Structure formats: C-alpha cells, structure tokens
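Below is one structure; the comments refer to it alone.
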There are 4 protein chains.
Amino acid sequence: MGMVGGGEGSFIGAVHRTAAALDHRCALTAGAFSSDPARSTRSGRALGLPDSRTYRSWQEMIDRESALPADQRIDFVSVVTPNDSHHAIARAFIDAGFHVVCDKPITTTSAQAHDLVEAANAKGAVFCVTYNYTGYPLVRHARHLCRSGAIGGVRKVIVEYTQGWLASALERSESAGGFKQASWRTDPAQAGAGGAIGDIGSHAEHLTRFVTGLEVEALCADLTSFVDGRALDDDASVLLRFTNGARGMLTASQICVGQENNLRLRVWGEKGALDWSQETPNELRAWNESGAEQVIRRGNAGLAPDAIRATRLPPGHPEAFYEAFANIYAGFFEALAARANGTPFTNDAHFPTAHDGLIGVRFIEKTVENTNSNQKWTGL
Amino acid sequence: MGMVGGGEGSFIGAVHRTAAALDHRCALTAGAFSSDPARSTRSGRALGLPDSRTYRSWQEMIDRESALPADQRIDFVSVVTPNDSHHAIARAFIDAGFHVVCDKPITTTSAQAHDLVEAANAKGAVFCVTYNYTGYPLVRHARHLCRSGAIGGVRKVIVEYTQGWLASALERSESAGGFKQASWRTDPAQAGAGGAIGDIGSHAEHLTRFVTGLEVEALCADLTSFVDGRALDDDASVLLRFTNGARGMLTASQICVGQENNLRLRVWGEKGALDWSQETPNELRAWNESGAEQVIRRGNAGLAPDAIRATRLPPGHPEAFYEAFANIYAGFFEALAARANGTPFTNDAHFPTAHDGLIGVRFIEKTVENTNSNQKWTGL
Amino acid sequence: MGMVGGGEGSFIGAVHRTAAALDHRCALTAGAFSSDPARSTRSGRALGLPDSRTYRSWQEMIDRESALPADQRIDFVSVVTPNDSHHAIARAFIDAGFHVVCDKPITTTSAQAHDLVEAANAKGAVFCVTYNYTGYPLVRHARHLCRSGAIGGVRKVIVEYTQGWLASALERSESAGGFKQASWRTDPAQAGAGGAIGDIGSHAEHLTRFVTGLEVEALCADLTSFVDGRALDDDASVLLRFTNGARGMLTASQICVGQENNLRLRVWGEKGALDWSQETPNELRAWNESGAEQVIRRGNAGLAPDAIRATRLPPGHPEAFYEAFANIYAGFFEALAARANGTPFTNDAHFPTAHDGLIGVRFIEKTVENTNSNQKWTGL
Amino acid sequence: MGMVGGGEGSFIGAVHRTAAALDHRCALTAGAFSSDPARSTRSGRALGLPDSRTYRSWQEMIDRESALPADQRIDFVSVVTPNDSHHAIARAFIDAGFHVVCDKPITTTSAQAHDLVEAANAKGAVFCVTYNYTGYPLVRHARHLCRSGAIGGVRKVIVEYTQGWLASALERSESAGGFKQASWRTDPAQAGAGGAIGDIGSHAEHLTRFVTGLEVEALCADLTSFVDGRALDDDASVLLRFTNGARGMLTASQICVGQENNLRLRVWGEKGALDWSQETPNELRAWNESGAEQVIRRGNAGLAPDAIRATRLPPGHPEAFYEAFANIYAGFFEALAARANGTPFTNDAHFPTAHDGLIGVRFIEKTVENTNSNQKWTGL
C-alpha cells in the first residue's frame, strides 16, 4: 500500500491506514504524504517508513516505485488529498499500472470522473472509491432486504446526513484542527462545486443507490449557504424521482447544531420498510407487511451472506466506523487477489467503483444546476 | 357542548367528547350525529342524551337549540363531519350566534376558510380548529425555546408525518372500520384537493408555524398517489422557504408501511436545536450551542408557563393523545369563560383559530398547484 | 361513585375521578373528601357536588348514603386516604353493603388485609385494589405471552421501580406540594412498615405476579434509608425465588436522582423474553427463541383479547396513565354490571382484588422481616 | 508481543492481536498458540510468523525467547488460554523476566492470584488483566464524574451483564463454534468455581470498582444453573454493600434469551446519576441534581482527559469493542515505555492490574461461598 496525502494532522489518512491494516492483510510501504516535501518526510518517519520510500511528491513516487522490482513496489495507492487533486493523481497512477483507492467525491467534475472510469477500464486497474458507509454489515443486509423483494417494490426513500460542525464559520476560526478540515471543504477551488452536498450528500446518494438499486431520474434541489461569506452550500434539500417511480427526499447539512455524523436511510416498499442510522450501526429496524417491527442486530441468525462476510465480532460486541471502512478495503483486496491469481471476481457489494464515483459527481453537479434554475426538475 | 357528526363508528367524534369532558368542565347536551336521522337518534341514545336533544339534522339542531332559553342551550358546537361539510355547518352555527370547534382542515377551499374567518369576526364567535398536536405540553415548551431566542434564529426545519395505514387500497376493502375512515379521506368530493397533504400534512404545517413562528414564503411540492386508482395524494414531499430565510422539508405520507402516527418536528437554529415526536410526547430533545444534548421531560423543572398550564400529572406518569386534545379544548373554554365574564383574553398558545385554519387550507392548495406546475417555487 | 379522601391538594383522588369517568360510565355523586369537615365541604363544592352529598366524615357518609333509596345512593366507594385508614373505612363500607375500590397497599398489616378479604367474601362485595399499572394494554399482552407459553417456562425476572423525588428530605421541606405527598409516605404511622417498598415496591411485586403468574416462595431483602432522619426505607433491593424455581431481582427506590416513575419489568423464559417500561407504555419488546427482537405496539395486529379490550385509540395515538387507570375501573364496572344483571363474571385480568392486596402486604412485611434478620431466606 | 493460546478457532486471541496492533505500536513476533504442537505451528503460519518463533509449548517459548538477544525477543506475552492455566503460564513468564497481559479472571483461585501479585511485584513485571470494558472513553468519563464529586456520594449501583447464548445446552451441541466457547466455560476444571459469575460477572464487578472507586464490604448471592447438567452457574443475582454505605445489585446471566452482550452500569449519587451500556458505548446518560438528563457523547466538549486520551475518531464516527480493547493495551504500552525510558508512570485509569485481578477472583469465590450458606452476608 502506498499513500498520497494523509500526512501530519490529516484525519482521513490515518483512517485509511488503520482500516487497510485491520485484518493484517496489508502494510503501508510508501507514501507522498504532503505537497510540502519536508512535511512528507516527517510524516513518513512518524509512520515508521524508511526515507527511501517517502517521496517529496506523488510524481516522484510514481517514478521511483515504478522502477522497483514488481515484488517490492506497492500494489496500489490510496489517494486521500483534497478533491481537486484526485483526478490528476489517480490518472497518473492508473497510467503507471497501479491500482487505486480514492476518497470521495472521486473528482470535482463529471468529465474528470468519466475520464478515470475509462482510464481504469483501459488499463485494467482496480479502482475503489471509499464510500465507506456501505461497508457496514447491516447496510449490506438492508441491501439484501431491498433487492430480494422482502419489502416489495420501493416507493419512498428518506435519506439524511446531518452534521453541526460547520454551523459557525470554522473556516475562519483560529482553531487549528477545525480550521484545516473546514477550510478546504468550503473552498470551491479545492472542494469542487458542492459543499455539504459534495462532502456528505454524495455519501447519502451512494448509500441510497447501494441499498435500493434505484437510479435517480430527476431531482429538484435547494442548496443554501447559511454562514456569511461561505462560498459553497452548507445545507442541501433535494427532492428525488427514481426511475421506477419511487420518490425520495435527501438532505445533507453541516449547520445542524448538535448533530454529529448522522447518516440515516429509511426505505419504504410496498410490503415492508427499513431504517438504519450510521451512529448506531449495529442495529437495523425493519417492518413487514403487517407493520410489525423487528430490530435486526449485527451477528443475528439469518443475515445475508454479504453481511456475514463483513462481520468480525459476535453479537453485542459492537463494531463501528473502522471495521466498516476496513470492509471496503477487504473487498478491494479480494479483487486484487483475484486479479493476481487469475480467478474470477464479481463485485457483489464488495466495494464502490469509479462508476459509482462518476454517478456521485453527476449528482452533485445536477443539484447545483437545479438550484440555480427556475425549472422544477433536472434530469440525470 | 353540542356535536355535529361523530355518530356510531366515528373515531374523532368520541375523541372530541372525551377530550372536552376530561377536566369535568363541559358536558355534551345536544347533537346531530349523522346525516341519517335514525342513526343520529341511536347515537344520541348510546351517549345518554334525551331524544329531545338529538336532532335529525344540523339545520334542525340550530333551529331548536336557538329556541331554547340561553341557560339551557348549548354554548358551542363541535363540527366533526367530513371536510366538505365544515363550511356550511360552521357558517350556519356562527350566524345563529354559537361558538364553534371545527376539525381540520377547516374547509376544502381557502375561499370558504376566508369566509369563516370573516363571519366569526363579524359575529364575535370564538372559533377553534382542532390542530390537536399543539396541545402537548412539550410542543408548547418547544415553541418557547424557539420564540425566546434560546436556539437563535431558525435556519432549518424538518417536519414529517408518516403513517402506513393507507399503503394498500383500504378504501376498496371490505374491512368495515378501515373502509369508513379511508373512503372519505381518499375521495376528493369529501376531503378536498389534498389527500395525505390535507389529512396529516396540514398538521405538520401548523405544528411548524406554531413552534417556530415562521411563515412559509414559497414551496415546491411533489404529491404522488402510489395506490392504483386513488384520486388523491397518499404521499407528499415539500421543500419550504420561510420568510426569514430558513429552509425546510416537509413530508406527509400514508403509505409508509410500519409507521403509525409519526409526527416529528426538528428545528435547527443558529445556536441550538430541538426534536420532538408525537409518539413519545413526554420528551423533547434539545441541543445548545456547544452541541450538548438534553432530554427534557414533561413536568421537569424550568418549563415554560404554557407547558406547565397544559400538564395534569407528575413527571413519569405519562400523558398522551387525549390530554393534548383536551388542552385545545381547555384553551377554548378559557376564551369562552373570558367572553362570558367580560374579562380580557389573549390567545397565547391556547388554541388554533380560524385564521390558522385558513393558512392551512392555502398551504394545501399551493402544494397541489405546485405539483401540477413546471415552475419550481410557488409563493404563498 | 362515592369517594373517601381525595380533597383539595390530593393527587390520587383526582386521578381516580378522571379515570372512573373517562368512558362516561360513572359519575361522582357523593364524598367525604377530608377528615377536616370544612375542607371536605369546600372540596365537594369545587367538584360540583351538592352540599347534601358532601359529608363531614366517612362514617356520616355511610349512614346517610345507606338511608337513601337504592337507585339514588352510590354503588361503590373509592378509598384514597393514607394507608393506615384503609382498613377501617373499607371494612365499614363493606359491612354497609357497598362495593369498594381501594388504593394500594390495601392495609398496613396482613391481618387487616386478611380481614378485608374475608369480609368482602362474606358480604359479596366487589373489591378492587388499584394496582393501576396492570391496566396498560401491553402489560396484559405481556401476561398473555407468559401464560400462553410463548416464552416457555419463566426462569428469570428483573423488576425495577425507580424514582428520584425523595432523594432529599422533601418531607421536611417547606414546599407545599412535595411536603404533603412526602410526609405521610415517610411516616410509619400512616404508611405502615414499608417506605419505598410499600409505596412502589408493591406495584413491582404485583406487576410481576400479574404478568408471570408466579408466586414468590422466598425472598432476601436489603431495605435502606439513605436520607438522614427518615424512619422508613427509601431504597429496597430484593432477591426472589419463585415456586417454579425461577429467580428474580426486585428494586424499589425513591432516591434515584433523575428517575421519575420508572417501573420496568423484564422476564426471560426458556425460549423467549419480554421487556416493558411504564414510561413508554405503548411498546413492548419481545424476543423469540432465536433471539430476534420484535417491538410490539399497542394496537398492532395479533394482540391478546385482554389487550384489545383495554385499548381506546388507534396505533400511534398514544395512550397513557389515565387510560390504564381507567381500565382498572372498567374491569371493576364489568363486575358490578354482571352482579347487577345476575350474569356470570370471570375476573380474567380485569382488576386486582383484595386477595392481590393481601399478598402485597405480606410481601412488604416479609421484606422488612428479612432485612432485620441474619437469615438469608424468608419464606412467604 | 508474544501470545500463549489464541490459535485456530479462538475468538479472544484474534481480538488481542487486532487490539494490540490497532495503533501500529506493536507487532506479534512469537507464540505458542495451542497445547497441540501441530496446531500451534499451523496457527503461527496462518498469522505470518516464521516457524522459528512458533513454539510447541509455552515452556519452550520461555526457554527459546529468553535465549534471544534482548532486542529480538518479545517484550511481553499475552496469555489467552482457559482460566485454569493462567497461573502457571503467567508465573513462569514473570519469573523469566517478561511482562504479562492476561485474560480475566486472572486465575481460578485467589491464592494463585495473590501469588501472581507478589511475583510481579518482586520481579518488577508490568502485569495487565484485560478487563477490556474499562477501555471505553465514556467509562473513563463516568469514572471522572463519580470521582470528581459531580454526582455526590454514591448511594446505589445497579450493574447488569446479560447474555443469552447459553440459554440452552450449547456445551453439549454439535455446533463447532459454539461448542468450543461453551464447553470450557461450563467446566469447573477449566473455568474455576464460577460460571457466569466468573466469565462475565467479574467484568461487572471490575467496571463498578473502576467507575465508582468503591469496594464491596459484603455480599449476598444466589447463583443458579438453569440448564440441566450444567455444573457451573449460568445465572447470578447478588446484593452488594459497599464500604461507604452504598448498596448495589449485580446480575450476571447467560440464559437471558435475546440479550447479546449487555453490560450496563447505573450509579446514583446524592446529587446526580449516570447510566452507560456497552452495546451503545458512544453515549453516556447523566443526570444532575435537578433531575435534568444530559446525553454525553464520545468526543463532546468537556470530557475528562482520561476519556480524551482514549479517543481516536471525531464525534459521530462510532468507536467500539476493538478500540476499547486497544485502549487497555495502549495503557499497558505506556507503562512499558516508561519502564524502558526510566520515566515515572502513574496508572491513572490506564489498565487493570494483577491486584484488580485478585479482587475479582475473591469476588467470585465469595459469591460461591455465600450461595452455599444460610448466612445472609459474606464479608470480603
């Protein structure tokens, strides 16, 4: 495993490293951890890497890793930089023959995303976008309940992702930790066209597609910025129409005081329903046709194989964020292993791909377009 | 108290009678309980009324009650018939000098609602519309938190009212109980232009106004009917823009399998938030600026006077639907008593008025209008 | 209905009156509301009674009501005085031919309780002890689940009744409301041998018997008084052994800061389990043999007839304390009606009897006896 | 890190390895994974160890590791075998100069536990007993609330640890996974004198001591075995008296159908209270003197330093079982580092020691002794 970005003070870089290593199947061996070479070096040392494998830039990393013997160089790179640099970095690694794990949103424009889809296909690269919340076992069981017909045809979806940490102008505060996380996310040059809709709304969009299998046909959006001087939306409300006739509401907001990281999905079908929340990930509430409510817990008897595969601990020994993130990596590793062994591999709920990333970027673009329009519905 | 409608098999008529009598301040003394005279008579007898005060029609009721001495005749009438007859009945009772309690929505058109507002004003009638959910003590405390500035300027509202009982075509079923409740609610001739948006969406709209004090400036709606052959919406998704710049999402749906009567309001302000659900009405969750969550319970120290006034039992002895409904009547009775005693009365969260009813009907009309339009926003 | 006690400032008297009248089947027509005659008179007037039916003492009430024609006098009396007077009052009304509703605990000694059981039997009086929490529909469904074998033979019971209102010496405070409620409950002369164990522990004991059908064979208790100067226990911990071999833990405490009125019963059987809490009475959690959890709500399909009979409102329209209390009265009224009509009546979960009251008092006595003993187990 | 036990099919061995490695501060370098040499070898290979560091017995492991240069041999050993072998293994590693991490209960008799305490002291070994639940950040904050006086003097404790997986005779089933876990835990020769009280009751006992700082003065216990033919208790109910006068109830049961791993602690003080459950570890409910309830979440502002130190992820990104277990190891590593660096180290809520283990074993012994006695209280 190699890493681009994720140096000192990064939150998500550390998450990627811990998640990838959780099952002892992967080791970090190289990195370009910062666009500042000195900082990259310090970060590499702190992570126990030899200086020889800590690079001053991702370009250098590609050159020097490519020059190593195949059994010594990295198998894949994890790209955990701000959104605006994803495309160039990922494209270059693909072109150099590496597999790629990339943070979401995959790029800042759908044209770039489309380019990565095509490049990965052309080079046979395995490409994973870390929509990490689909790694939870009960999200996978929810998918099973939707797709197996257990709740009937889907009619209505409500998906919410609410946070409160940007309720004030943290990007202009002096608080070191908050500032770093807030400043690039609220800067169109680094984050792209979407603020909350891109940072967290795209998780909500992907979770909905992953679980229900439905595609959005048209949307109607109202993106807003509540904090003075903020250039990107910090609150988004979206009506959805799906191709099967289902209707949906999506909200993504970072000004919801008191909310932490509350991604919740509710789906109602013709004969059943389900409700899952990321902050209590070890339970899934489900209703059958008679309206009876069942609380399904991770590890219970009768879960779908995709859920069982994603489970490490017995019931009541809670699993959480790291394990779900690790499940995305685990699926990616299975694809790499199949590639290495020449065995067939079907990405059956294992990990999100560049195609999923592309759809996510299109979704962001369309919500921005519709917000600026007087037309009610914008097709996708 | 007199009653029009509410005979055998009625749900809401019995609720009105129990709620009005809960505090032993009011007795049912007359009624026209059905448009079928024989049924009205049977209903009156079952309620212990003498035949002399059970009328074959509401017109007869007005004539004969008006002819009684003032100390014998009813003080007010509760109108609990299907929506389409509210206007004619309420108008006639107003004109005859009676005060009126009327189920929501007050009428099927805003023109009719406007007419009732003017008639009540002209005649000095006290007019109450039973948006009963604002009778809960903690709804009144939530209103206090919003209006006292405790959560700062309101930015975002999510209000939901989800039920599942109309997920299938109950109005065409043979089930007696369900059929009666479902058939008129899904019939435009009796219910008016709105299905779910009228039956329950109007509660959500009123609850939002009651708590936040904000008025809707424009809305964007997507009303749908999922059940084949149903003429009115059974699912509604609405984006809201409030006059102060706040944004909102409202959903009202009767096809949410497993949901019972789940009216929930969440409000986020600049420095706090609150969350209340009708099915667990004895608790209100609130957040302050630092994000700390407090669970406020009915009867706790420090509640607003409006909440205390609406409380009968000590903490932990749960109160529920009847008590909240009774609180609406209690407020109406205070207005009647003030009128009788010639003392001043300020309707400070006591009960919803004909004006509130008018705004509710306008809201329903505008959601229907917007649904049928390609224009994104419809002003109110 | 007549009432002894329950005058100005009483909490439970008003509850009895509202509960008895909730279904419009009963009217208060006479009372001796206080041992202070002037206060009794004021209370009667406030309740709308004529002075002729408001008595200066319960003895006068018996004499004068007995002298009225049968169709005018009260059918039964509700005794809502402090515990120490229950026996004398109830016994006198029984002897005079009246039926009786009496607050719990029925008496302060088991000898008195035994006497009431025998007197009621001898005179054919219907005697109801208001263990009101067994009036909740889902408690009745829980009883059905236990007794129908749905959870298999019961192995373990945990029952808790925790309150916090006596965590400080409220009985010595100047606060009027609190003082009155606290002072007699902490006075052995008025309350009997038990403090918390009598006031609320007896509810926990009865709820357990009602639901499981099990009798306590032996107990081991640790009653404590945490507040300086308090003569009766304010905290009780009890181990239980039931006749079928099941084990139990019971706690009743009034010093649990933050707890309001938290009566909770959990029962585990050989192949299932259930969990119910009084503060969220409209849901019952149940587990089957495979460990799957179901949330059963009042009004759901498939509830036991005893639960359905005790339900007034549709699902999601919450019912609470008053309705449960009214269900106890409703069962008592059915017994009275059967008596009046000469029809057979089986008390199948309708209301608690004097026999239940006797067992409750014995339980209190034995917990006190065991607390003062070095012997581990005390038989019942 | 070396390991004794934890080979193929072990649950807790894998947990130790993942927890110890979570923060990339420790690597497994040697092990004797099974008393069956072939199985030990297979296990070592599966874990990526060279055969040279996989031993056929723990005795061989001590001999050969001791012979390695100091910078190559293991620093400490984790003992994850059944209880009966803990003493011999741990003692031998201590004597050979290694530090030790040992599963709970530390030994099967208090004499053995006392011996380990003395041996560790004599040799200067750092000894950690993995009462892992005290690693949760909010448990550490709860400790802070108790010990800082925030809730006043502790009066009452209720601690529960309920599981359902042994509700039937799993130890006699053919199910491979269940059988292995169940068989040694229900065998007195391997588990010691306690069944449920030893396996999980000791966690409850330690959690109570850790949070409150109180010591048990006397106890009264009722241990039972509900499943036919089971030699050890599968259900335990215990009354507690603490040295400060506080009272407690503890239950540990493995026959609670539907319960998974439900360790819950409630503490009531003179002016506040708290409630924490292991299955929802990211929230802690607390009450202040006025009875107001606050929901404290991991990562909130204002948490105790011990809680902050134990936190890796931002609020709303849930942490769970692995992270808590890793926090125990992290504390142990700090002690090792201080030892290595010659810096002072105070074990301030960092990890449980052999002394804690000794108190736990005494507790188990006393519950068994009291169960078999007619005497009510047994002192500790």
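The single residue among C:Asn347, C:Asn282, C:Asn300 that is among the polar types (S, T, N, Q), in the same structural domain as C:Asp199 (by TED's automatic domain parsing) and either touching a residue at least 24 places away in the same chain (Cβ under 8 Å) or within 24 Å of C:Val129 (Cβ to Cβ) (or both) turns out to be C:Asn282.
Is there a residue being crowded, with 23+ Cβ neighbours inside 10 Å and of a type in the set (Val, Ile, Thr) anywhere in region B:315-334? Yes: region B:315-334 contains one or more residues that are crowded, with 23+ Cβ neighbours inside 10 Å and of a type in the set (Val, Ile, Thr). Applying the condition of being buried (at least 24 other Cβ atoms within 10 Å of the Cβ) and of a type in the set (A, V, I, L, M) to region B:130-153 and asking which residue is farthest from the chain's Cα centre (by Cα) yields B:Ile151.
A single member of D:Gly164, D:Gly198, D:Gly149 is in the same structural domain as D:Ala273 (by TED's automatic domain parsing) and in contact with a helix residue (DSSP H, G or I) (Cβ under 8 Å, 6 or more places away or on another chain), and it is D:Gly198. When region B:213-235 is filtered for residues that are in a strand (DSSP E or B), within 10 Å of B:Ala196 (Cβ to Cβ) and either over 22 Å from the mean Cα position of the chain (by Cα) or at the interface with chain A (Cβ under 9 Å from one of its Cβ atoms) (or both), the ones remaining, listed by number, are B:Thr224, B:Asp235. A search for C-beta distances below 9 Å between a residue of region C:352-380 that is over 10 Å from C:Pro105 (Cβ atoms) and more than 13 Å from every other protein chain (Cβ to nearest Cβ) and any residue that is in a helix (DSSP H, G or I) and aromatic (Phe, Trp, Tyr), counting only pairs 6+ apart in sequence or on different chains, returns C:Pro352/C:Phe210; C:Asp356/C:Phe210; C:Leu380/C:Phe363.
In this structure, does D:Glu205 turn out to be buried (at least 24 other Cβ atoms within 10 Å of the Cβ), among the acidic types (Asp, Glu) and at pLDDT 95 or above? Before the answer, list the steps.
On the way: buried (at least 24 other Cβ atoms within 10 Å of the Cβ): yes; among the acidic types (Asp, Glu): yes; at pLDDT 95 or above: yes.
It is true that D:Glu205 is buried (at least 24 other Cβ atoms within 10 Å of the Cβ), among the acidic types (Asp, Glu) and at pLDDT 95 or above.
Scanning region C:328-380 for residues that are of a type in the set (Ser, Thr, Tyr) and in a loop (DSSP other than H, G, I, E, B) returns C:Thr343, C:Thr346, C:Thr353, C:Ser373. Against the test of being more than 8 Å from every other protein chain (Cβ to nearest Cβ), at pLDDT 95 or above and closer than 27 Å to A:Gln190 by Cα, the options A:Ile255, A:Ile200 yield a single qualifying residue, A:Ile200.
Is it the case, given these coordinates, that D:Gly192 is crowded, with 24+ Cβ neighbours inside 10 Å and modelled with pLDDT under 95? Yes: the conditions hold for D:Gly192. Can we say D:Ser85 is out of contact with any strand residue (DSSP E or B) (no Cβ under 9 Å at 6 or more places or on another chain) and under 25 Å from D:Lys366 (Cα atoms)? Here the answer is no, as D:Ser85 does not meet what is asked.
Scanning region D:47-65 finds no residues that are crowded, with 17+ Cβ neighbours inside 10 Å, among the small types (Gly, Ala, Ser) and in the same structural domain as D:Ala125 (by TED's automatic domain parsing). Across region B:265-312, which residue is farthest from B:Ala20 (Cα to Cα) among those that are out of contact with any helix residue (DSSP H, G or I) (no Cβ under 9 Å at 6 or more places or on another chain) and basic (Lys, Arg)? For region B:265-312, the residue satisfying everything is B:Lys271.
Residues of region C:264-318 being touching a Ser or Thr at 6+ places or on another chain (Cβ under 7 Å), over 28 Å from D:Leu170 (Cα atoms) and either in a strand (DSSP E or B) or modelled with pLDDT of 95 or more (or both), which ones?
Of all residues in region C:264-318, those touching a Ser or Thr at 6+ places or on another chain (Cβ under 7 Å) come to C:264-265, C:267, C:280, C:298-299, C:301.
Narrowing the set further to residues that are over 28 Å from D:Leu170 (Cα atoms) leaves C:264, C:280, C:298-299, C:301.
Result: C:Arg264, C:Thr280, C:Arg298.
If you go through region D:77-95 and pick out every residue that is in contact with a Phe, Trp or Tyr (Cβ under 8 Å, 6 or more places away or on another chain), crowded, with 21+ Cβ neighbours inside 10 Å and not in a helix (DSSP H, G or I), you end up with 2.
Inclusion of C:Glu260 among residues that are free of Cβ contacts under 8 Å to residues at least 40 places away in the same chain, touching a strand residue (DSSP E or B) at 6+ places or on another chain (Cβ under 7 Å), over 28 Å from D:Ser373 (Cβ atoms) and not in a strand (DSSP E or B) is not warranted. If you check C:Leu166, C:Leu207 for being closer than 27 Å to C:His16 by Cα and over 19 Å from the mean Cα position of the chain (by Cα), only one passes: C:Leu166.
Residue by residue through region B:260-312, note down the ones that are surrounded by fewer than 22 Cβ atoms within 10 Å (Cβ to Cβ), within 14 Å of chain C (Cβ to nearest Cβ), under 22 Å from the mean Cα position of the chain (by Cα) and closer than 20 Å to D:Ile296 by Cα. Across region B:260-312, the qualifying residue is only B:Glu283.
The values are calculated or read from the model by the stated rules, or taken from the named source; none is laboratory data. Predicted, not measured: the structure shown is a model, and the values here were computed from it. Neighbour counts run over all protein chains shown; Cβ positions are idealised from the backbone, glycine included.
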